[in-house]
Amino acid sequence: MGTAQRIDVFTYRVGAYLMTVMDCALCGEVFGMLDATVGLRRRDSGWFYCPNGHTMRFPIGKSLEQRELKAAKQRAVEAEREAAHQKQMREWAERSAKGANIAAGLAKAAKQRLLHRVNCGVCPHCRRTFNQLAAHIKSKHPTQVPERRWLRSSHGH
């Protein structure tokens, strides 16, 4: 048959054949099988025997390619889930920002309306019109008037 040429740790080329070398889990006997037979037994998880007659088989399970494919699919599903979550968070942030902008616009409009009413002589507290609005507020709503001494001192009055 010729000399054996090592292909990897457990597989050798012997003439035109690839042989897989293994040992029995029960007695430790080292033996070889054709690589094609090993491949078949790995796929169908069928029984085979060591030279001393002990029965063995490869565990029933998925091949490396199947496990890698399953892992890749799982990663894809998790990536899609994460993308959907990120999209949902972005949409929520956009809605929140839009709501804040609307609220800011409403507050600005309310301030402008109040300023316009005060400039026209309407009391912001009792909603009556006065020619001397400042005097009215000072006499009728003294607790509503903020202390303004600090303004005078900062302007040098």
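The values are calculated or read from the model by the stated rules, or taken from the named source; none is laboratory data. Keep in mind that this is a model prediction, so the values were computed, not measured. Neighbour counts run over all protein chains shown; Cβ positions are idealised from the backbone, glycine included.
Could you check region 43-57 and list, in sequence order, the residues that are exposed (fewer than 15 other Cβ atoms within 10 Å of the Cβ) and either of a type in the set (S, T, N, Q) or not in a strand (DSSP E or B) (or both)? Correct list: Arg43, Asp44, Ser45, Gly46, Trp47, Pro51, Asn52, Gly53, His54, Thr55, Arg57.
If you check Pro124 against the conditions, is it surrounded by fewer than 10 Cβ atoms within 10 Å (Cβ to Cβ) and over 30 Å from Gly15 (Cβ atoms)? Against the criterion (surrounded by fewer than 10 Cβ atoms within 10 Å (Cβ to Cβ) and over 30 Å from Gly15 (Cβ atoms)), Pro124 does not qualify.
Can you pull out every residue in region 110-121 that is assigned to a loop (DSSP other than H, G, I, E, B) and surrounded by 10 or more Cβ atoms within 10 Å (Cβ to Cβ)? If the condition is that a residue be assigned to a loop (DSSP other than H, G, I, E, B) and surrounded by 10 or more Cβ atoms within 10 Å (Cβ to Cβ), then Gly121 is the only one that fits. The residue that is surrounded by the fewest Cβ atoms within 10 Å (Cβ to Cβ), counting only those in region 26-40 that are closer than 20 Å to Pro59 by Cβ and touching a strand residue (DSSP E or B) at 6+ places or on another chain (Cβ under 6 Å), is Met33. Taken over region 132-157, the criterion of being at pLDDT 65 or above and of a type in the set (A, V, I, L, M, F, W, C) is satisfied by Leu133, Ala134, Ala135, Ile137, Val145. Taking the conditions exactly as written (farther than 30 Å from Gln132 by Cβ and in contact with a Phe, Trp or Tyr (Cβ under 7 Å, 6 or more places away or on another chain)), does Thr55 satisfy them or not? When the stated conditions are applied, Thr55 passes them. Has region 120-131 got any residue that is modelled with pLDDT of 85 or more and under 47 Å from the mean Cα position of the chain (by Cα)? Looking for residues that are modelled with pLDDT of 85 or more and under 47 Å from the mean Cα position of the chain (by Cα), one finds none in region 120-131, hence no. Annotation for region 1-11: at least one member residue is modelled with pLDDT under 90, among the β-branched types (Val, Ile, Thr) and closer than 23 Å to Ile60 by Cβ.
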